[in-house]
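To start, the structure under review is shown below, and the notes come after it.
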Amino acid sequence: MKKINMVDLKSQYENIKGEIDTAIHEVIDSTAFINGPAVQQFQKDLEAFLGVKHVIPCGNGTDALQVSMMALGLKPGDEVITTSFTFIASAEVIALLGYTPVVVDVDPETFNIAPKAIERAITPKTKAVVPVHLFGQCADMDAIMDLAKKHNLFVIEDACQAIGAEYIFKDGTTKKAGTIGNTGCTSFFPSKNLGCYGDGGAIFTNDDDLAKQLRVVVNHGMTVRYYHDFIGVNSRLDSIQAAILKVKLKYLNEYAAKRNQAAAYYDKAFANNPKLKTPVRFKNSTHVFHQYTLVLNGVDRAGLIAHLNSKNIPAMIYYPVPLHMQKAYLDPRYKEGDFPVTEHLCKNVVSLPMHTELDQEQLELITSSVLEFVNR
Ligand SMILES: *Cc1c(COP(=O)(O)O)cnc(C)c1O
């Protein structure tokens with residue numbers, strides 16, 4: 001059997017090696033390493049795929065969030081609401097820019113930010129909300145956009161884990177994750193659903209003026225060459241990464257289908273086991289399974305992970321510490337017990353291997369090994 005990894009980038013590469021190698025060599029031959037034609041071509045392809053007017057490539061997903069907030073003109077002291085159950089980047093840039101991160105609890109079924117909790121946290125200082133489409137499915141965007149409209153807030157979607165997922169509005173219309181708010185942010189970190197072979201990211205928007213400002217901010221705040229009207233940053237997607245992404249984008253729907261097949265296998269194996277809660281599908285979103293995450297009920301989590309590891313099966317905890325309990329973000333406003341859903345999840349979740357190359361034999365071993373420990 002092939003070795004089981006959380007993410008198997010090697011096998012994925014081997015399946016598209018010819019196309020990828022050609023794309024990389026074309027960039028090297030052209031020597032257009034920065035802002036070369038590959039970047040514009042990938043940008044156009046991604047705009048078409050997402051059905052969004054503007055894609056602004058940048059250096060990584062964290063930059064995409066930071067640049068969004070800078071381009072929207074948020075000011076120090078502004079409050080920005082985000083979820084307590086996420087990767088740190090979502091809150092990091094808020095703090096870094098001198099805004100005040102306000103964290104709120106999540107929905108126990110979808111793990112995504114709870115609109116009711118957002119509403120309770122809104123103050124006259126609140127300027128923006130950062131919903132994170134965690135593990136591959138969209139947050140409740142109908143409710144979030146309603147709140148944003150009512151309270152005049154910007155919405156910056158963190159779609160780093162959900163590229164390609166589709167949000168289904170109450171009226172039946174659909175939009176891709178990241179194309180609903182003022183901006184959407186994604187990461188092309190290698191293990192993300194659309195990953196490159198280094199760092200990369202992008203911002204999405206349908207707002208023409210905002211798109212212009214985003215392009216200025218990623219390029220040193222430069223409007224005309226060597227004239228700087230704003231304080232910006234240097235954040236670019238390089239041409240080699242763009243060429244790789246242009247190839248991989250063609251396979252993104254196929255990759256999502258493969259992830260869904262693996263998820264369906266897991267679901268079936270664990271169905272009706274009272275000790276294992278399988279991922280709940282939110283009725284208003286498709287799922288692209290960046291992670292397949294179980295919530296354990298009365299199972300020794302460390303013991304389960306050790307048991308899996310002893311069979312060379314990796315398993316990970318996303319995320320072990322709620323945002324408000326992270327050392328760097330400790331704040332007298334928050335204490336243990338404030339966000340019970342997040343705190344429960346941090347103690348009881350476990351993510352199983354999830355990628356585009358999992359085969360039946362591997363899935364069989366993973367599920368039987370989980371059940372062997374859980375049922376003993
Ligand atoms: C990966 C990730 C980021 C950051 O992306 P980088 O490209 O690593 O900077 C931000 N938010 C979430 C939810 C992520 O999963």
* Starting from the Cα of residue 367, step 7 Å toward the Cβ, then list every residue of the stretch 296-314 with an amide N under 12 Å from that point. => none
* Over the chain, with every protein chain in place, what whole percent of the accessible area is carbon and sulfur at 1.4 Å, could you tell me? => 54 percent
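Mind checking the full-extension length gain between residue 264 and residue 45? Use 0.36 nm per residue of separation minus the Cα-Cα distance, one decimal, nm.
Details: separation 219, 0.36 × 219 = 78.84 nm, distance 2.97 nm.
Answer, rounded to one decimal: 75.9 nm.
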* Asked: Over what distance in Å are the Cα centres of the stretch 67-100 and the stretch 117-166 separated?
  -> 13 Å
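Net charge near residue 278: determine it from the other residues with C-beta under 11 Å of the C-beta of residue 278, scoring Lys and Arg +1 and Asp and Glu -1.
Values: positive: 268, 277, 281; negative: 267.
Local net charge: +2.
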* Asked: Between residue 338 and residue 116, what is the spin-label point distance in nm, taking each point 7 Å from the Cα along the Cα→C-beta axis?
  -> 2.0 nm
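Let's test the formula: R0 of 45 Å, r as the Cβ-Cβ distance of residue 33 and residue 359. What FRET efficiency results, to the nearest 0.05?
Numbers: r = 37 Å, r/R0 = 0.83.
It comes out at approximately 0.75.
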* Take residue 220, project a point 7 Å from its Cα along the Cβ direction, then tell me which residues of the stretch 35-51 have their backbone nitrogen under 19 Å from it. => 35-36
* Structure fact -> Simple spin-label estimate for residue 331/residue 17, 7 Å along Cα→Cβ, in nm, reads 4.9 nm
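Please give me, ordered by residue number, the trypsin sites (Lys or Arg not before Pro) of the stretch 1-105 that lie in loop per DSSP and have at most 16 other Cβ atoms within 10 Å.
On the way: sites: 2, 3, 10, 17, 44, 53; in loops: 2, 3, 53.
When the trypsin sites (Lys or Arg not before Pro) of the stretch 1-105 are filtered for loop state and at most 16 Cβ neighbours within 10 Å, 2, 3, 53 remain.
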* Could you give the distance between the Cα centres of the stretch 314-376 and the stretch 177-247, to the whole Å? -> 30 Å
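Under a Cβ-Cβ cut-off of 13 Å, what is the net charge of the residues other than residue 221 that fall near it, where Lys and Arg count +1 and Asp and Glu count -1?
Details: positive: 212, 215, 225; negative: 229.
Value of the local net charge: +2.
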* To do: List the relative contact order of the stretch 9-249 as a percent without decimals, with contacts defined as Cα pairs under 8 Å and 6+ residues apart.
  => 27 percent
* Structure fact -> Percent relative contact order for the stretch 253-374, counting Cα pairs under 8 Å at least six residues apart, stands at 35 percent
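Please compute the contact order of the stretch 58-193 in relative form: average sequence separation of alpha-carbon pairs under 8 Å and at least six residues apart, divided by the residue count, as a percent. Walk me through the intermediate numbers first.
Values: 270 pairs, mean separation 31.7, N = 136.
Once divided by the residue count of the stretch 58-193, the mean separation gives 23 percent.
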* To do: Please work out how much length the chain gains when fully extended from residue 250 to residue 170, using 0.36 nm per residue of separation minus the C-alpha to C-alpha distance, in nm with one decimal.
  => 25.9 nm
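Using a 1.4 angstrom probe, figure out how much accessible area the stretch 253-374 has per residue, in square angstrom, rounded to the nearest whole.
Numbers: 5650 Å² over 122 residues.
Heavy-atom accessible area per residue stands at 46 Å².
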* Structure fact -> Per the Cα gyration tensor, the chain corresponds to an equivalent ellipsoid with semi-axes, largest first in Å, of 33, 28, 17
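Could you compute the net charge surrounding residue 132? Neighbours are other residues with a C-beta less than 9 Å from the C-beta of residue 132; K and R count +1, D and E count -1. All intermediate terms of the calculation are to be shown ahead of the outcome.
Details: positive: none; negative: 157, 158.
So the surrounding residues net to -2.
The values are calculated or read from the model by the stated rules, or taken from the named source; none is laboratory data. Small disclaimer: the values here were computed from a predicted structure and weren't measured. When we count neighbours, we look across all protein chains shown, and the Cβ atoms used for this are built from the backbone with ideal geometry, even at glycine. When the accessible area is computed, the model is the full protein with side chains, heavy atoms only, and any ligands, DNA or RNA have been set aside. Shrake-Rupley method; radii C 1.70, N 1.55, O 1.52, S 1.80 Å.
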